[in-house]
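Structure first, then comments.
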Amino acid sequence: MTANQTHRPAIHVRGLEKSYKKLEVLRGVDFDVARGSIFALLGSNGAGKATVVKILSTLLKADAGTASVNGFGVATHAADVRDSISLTGQFAAVDEILSGRENLVLIAHLRHLKDPGTIADDLLERFALTDAAARKVSTYSGGMRRRLDIAMSLIGNPQIIFLDEPTTGLDPQARIEVWQAVKEFAEHGTTVLLTTQDLDEAEQLADRVAILHQGRIIVNGTLTELKQLLPPAKVEYVEKQPTLEDVFFAIVGDDGKDGDARATAAASVRSSKEQR
Amino acid sequence: MTKHFFGDTAVLLGRSLRHIMRSLDTIITTTIMPIAFMLLFVFVFGGAINSGSDSYVNYLLPGILIITIASGISYTAFRLFLDMKSGIFERFQSMPISRSSVLWAHVLTSLVAILVSLVVVVAVALLMGFRSGAGVLAWLAVAGILILFTLALTWIAVIPGLSAKSADGAIAFSYPLIFLPFISSAFVPTETMPVPVRVFAEYQPVTSIVNAIRDLFTQQPVDTDIWIALAWCVGILIVACTFAMVTYRRRIS
């Protein structure tokens, strides 16, 4: 890495525009992501978060504006960009027919790494998937699948990881497992661009948050800065019903990132349904 | 990037072949329809058809092989569609690999799967009494024509595979191709057909391909049919490949 690269932001976006036919999705998006930080792009459905990620990961061409990733222009140096990044999609892009281990080995081969088997085994261990390693991914729970998806993204130690709505559709415990995984690899200096609809998720993970609304970034700052923009907190007394999350942890316990414990719980729920 | 083309294609080909090994039903369903047609035509209609050949199964097999290829490519489109839809196509495209390998792996998988199906169908035909005195060279020529035709139809299948909105849409294109052999010399000689149908039958690709393969099997001298057949295959291949590449560029930009 050149000195030039280390001083420049990991992701640099200016005036990004994109339309699908007549629908203007991005109307001049600007933001920077500092090296080694977690940046959350927050927005509702259809705000254009996925479009930003697709442009930055060279899957889509912008109509106007510039974007660079790891110092390389996405339009001019797409190959170098792809060498620097990893993409974890909205719909966990894992191979359903292969086993978890085969998925990891496949990606290691495609990244032209030595000893794909060892890389796969290490990641299976790290993401608590060793017991399920030989099983077809189609038998995995949502949380296990997402953990595998993230493990696949880490192969080859990319400098920048795009996490496109990593916890959408996951149950509370699986969500926390994903958060733990993200925090862990962010500690090792990986830059993360996270998209989410969930303020809570941004709060849990991000160093900086930007809100994408109607094709533009309307706020960009640290959480503290963002909170200052919100109306001051009021004290109200409201009877608190236990949330599904509370119920869940009361029954299952919140210690485990053990996929099998959850699989057993899920199986018992399923079988009790079947008995009915 | 392109320095990894062969390695990446091999890795991705291995992946798709593993899919097929784990769902052999795709090979079975590909071969069931042609085999059913072959049984039906040989044992039910065959006795009443005057094909001008001693053995109807000998007359019929080339057309059945064409139907096998046409039914096989619907899975090519289906497999590609699934990769597009699941997001794994995008994952591959965002990685530092030779990007066209993703498409080539699907094309080669299609070729391997269809060749296996063709071998199964020929084996069934042998059980039903198909015999050919063709030499090694003639068999190689038959294989060459079938491979070329498979590649041509595979590139056609890539187009709906990349652009379809639903799985049904991805495979529906193959139905007319499966029925094309019926309006050709594959099942009956074209002489008995009414003039407009006959003209269509004689000037569509299946007839020349079927006639060329039949001549090779029966050790007849291959006349101009083989050149017309090859021209059709290469022509379809070039046009389909061009349109597939245009569709592909549109999907990845």
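Taken together, the values in this text are just the output of simple stated rules run on the coordinates, not laboratory data. Everything quoted here is computed from the prediction, not taken from an experiment. Cβ placement follows ideal geometry from the backbone for every residue including glycine, while neighbour counts extend to all protein chains displayed.
The table that follows gives values for the structure above.
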quantity	calculated
For the protein assembly as shown, size of Cβ-based charge dipole, Lys and Arg +1, Asp and Glu -1, in debye	840
Aspartates and glutamates whose Cα lies under 18 Å from that of B:Lys85, excluding same-chain neighbours fewer than 8 positions away	A:Asp95, A:Glu96, A:Asp149, A:Asp164, A:Glu165, B:Asp168
Whole-Hz couplings from phi, Karplus 6.51/-1.76/1.60, listed for region A:49-65; x for Gly and Pro	4, 5, 5, 4, 4, 5, 5, 5, 9, 6, 8, 9, 9, 6, 7, 8, x
Choice from A:Ile155, A:Ile218, A:Ile38 showing the highest fluctuation, given a GNM over chain A with Cα pairs closer than 10 Å	A:Ile218
Over the protein assembly as shown: helical MRE at 222 nm, DSSP H runs n ≥ 4 each giving -39500 (n - 2.57), nearest 500	-18000 deg cm²/dmol
Counted charge near A:Val209, where neighbours are those whose Cβ lies closer than 14 Å (Asp, Glu -1; Lys, Arg +1)	-4
Distance histogram for region A:3-236 (every C-alpha pair counted, 5 angstrom bins, percent rounded to whole numbers)	1, 7, 14, 18, 19, 16, 12, 8, 4, 1, 0, 0
Loop-located trypsin sites (Lys or Arg not before Pro) in region A:106-150 whose Cβ has at most 15 other Cβ within 10 Å (DSSP)	A:Lys114, A:Arg135
Distance in nm between pseudo-label sites at B:Ser23 and A:Glu239 (7 Å out along the Cβ direction from Cα)	5.1
Neighbour-count order for B:His106, A:His12, A:His213, fewest beta carbons within 10 angstrom listed first	A:His213, A:His12, B:His106
Antiparallel bridge percentage (DSSP; both residues within the protein assembly as shown; nearest 5)	55
Max mean-square fluctuation residue, GNM over chain B, Cα-Cα springs under 10 Å, options B:Ile228, B:Ile73, B:Ile156	B:Ile228
Antiparallel DSSP beta bridges within region A:3-236, as percent of all bridges there, nearest 5	55
Relative exposure of A:Ser99, B:Ser55, judged by other C-beta atoms within 10 Å (fewest first)	B:Ser55, A:Ser99
Cα-based Rg and Dmax for region B:1-91, where Dmax is the largest Cα-Cα distance (Å)	19.0, 60
Kirkwood-type radius of region A:76-146, with distances r between different C-alpha atoms, in Å	13.1
Angstrom value of the Kirkwood radius, inverse mean 1/r, which spans all Cα pairs in the protein assembly as shown	26.4
Expected-Rg normalisation [2.2 N^0.38 Å, Cα atoms] applied to chain B	1.05
Within chain B, longest stretch free of exposed trypsin sites (Lys or Arg not before Pro) [DSSP loop, at most 15 other beta carbons within 10 Å]	B:1-130
Choice from A:Ala233, A:Ala62, A:Ala120 showing the highest fluctuation, given a GNM over chain A with Cα pairs closer than 10 Å	A:Ala233
Cβ-based exposure ranking for B:Thr154, B:Thr26, in which fewest neighbours within 10 Å come first	B:Thr26, B:Thr154
Within 10 Å of each Cβ in A:156-166, the average number of Cβ atoms from other chains	1
Of A:Lys22/A:Lys183; A:Lys61/B:Lys3; A:Lys21/A:Lys136; B:Lys3/B:Lys165, pairs whose Cα-Cα distance is over 32 Å	A:Lys22/A:Lys183; A:Lys21/A:Lys136; B:Lys3/B:Lys165
